[in-house]
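Before any comments, here is the structure.
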C-alpha cells in the first residue's frame, strides 16, 4: 500500500513506530532497526515521505514493516528556509487538526501539496490551499462566492471567519471583521475555490499570503483550540 508518513516515535533502542495515512486508513506500524546507521528503511524516518510498504503481523501490538520502497522524499537539493517551514506546518496541521478518519479524506491533497512544494519556489499558495482543505474536511465551510447572509454577489465588502464568509455592504454589522483589502478578498476566493495545490494567483504576494496565513492561524486557535507552533517559521 502507498502511505504518507505523518510522524515517527522512537521505540526501544533502534526501532521506530511510524504513523502514516493511506487512501483507505490511518495506520501505525513498527519498523525494526529504523534508527540503525545502516538501516535500509532509514528514509521512513522523515515526515511526509511517500512510500510503498508491505506489512506483516508479529508479536507486537502493531503490524511490522516487511518491506518498503520510497516513491518520493520531501528532501531536495536546496532545502530553503520557507520550504522546510512549509513542510513542518503541513505536518503539524495534518497530525493535529484532523481526526484519523478525516486524514483519509485529505490523503490525495496531502500527496499533491508535498509534490507541489517540492517543485515550486513559492510555497504560499500551496500551503494556504491545503489549510483551506483541512478546514473543509473538518466541517468548516466558508462562502466565498456571494454574501453569506443574503446571497448577493454585489457590493462585497469583507470576509469574516466569524460569520462564515463574504459579507456585502447591506449585511455588515458592527462586529464584522473589516480588515481585508480587495486583493486579499480575491486571494481568499481563489484559495477556497482551488481544486489543486498547484494553483497560482497574482494576488498571492508575500504580504497578502502572510496576512491570510495569520488569519488562518487565529481561526485555528479560536475554532480548534490548538496553537500551530510551526506557524512562527513562516512569519520571518
Inter-probe distance in nm under a simple model that places probes 7 Å from Cα toward Cβ, at residue 12 and residue 67: 2.4 nm
For residue 95 and residue 120 in the same chain, what is the full-extension length gain: residue separation times 0.36 nm, less their Cα-Cα distance, in nm? 6.6 nm
Note down the relative contact order for the chain as a percent, whole number, built from C-alpha pairs under 8 angstrom at least six residues apart. 15 percent
Could you work out the helix-only [θ] at 222 nm for the chain, with each DSSP H run of four or more residues adding -39,500 (n - 2.57) and the total divided by the number of residues, to the nearest 500 deg cm²/dmol? -11000 deg cm²/dmol
D_trans [Stokes-Einstein, Kirkwood Rh over alpha-carbon pairs] for region 23-70, 10 °C, 1.306 mPa s, µm² s⁻¹: 138 µm²/s
D (µm²/s, integer) via Stokes-Einstein for region 163-211, Kirkwood Rh across alpha-carbon pairs, 25 °C, 0.890 mPa s: value 202 µm²/s
For the residue 177, residue 226 Cβ pair and Förster radius 22 Å, calculated FRET efficiency rounded to 0.05 is 0.60
Only bridges whose two residues both fall in the chain count here: according to DSSP, what percent of them are antiparallel, nearest 5? 95 percent
If we restrict to alpha carbons, what Rg and Dmax does region 81-234 come to, in Å? 15.1, 44
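Rule-based calculations on the coordinates, nothing more; no lab input. The model shown is predicted, which means the values in this text are computed figures rather than measured ones. Cβ coordinates were reconstructed from backbone atoms using ideal geometry, including for glycine residues, and neighbour counts include every protein chain displayed.
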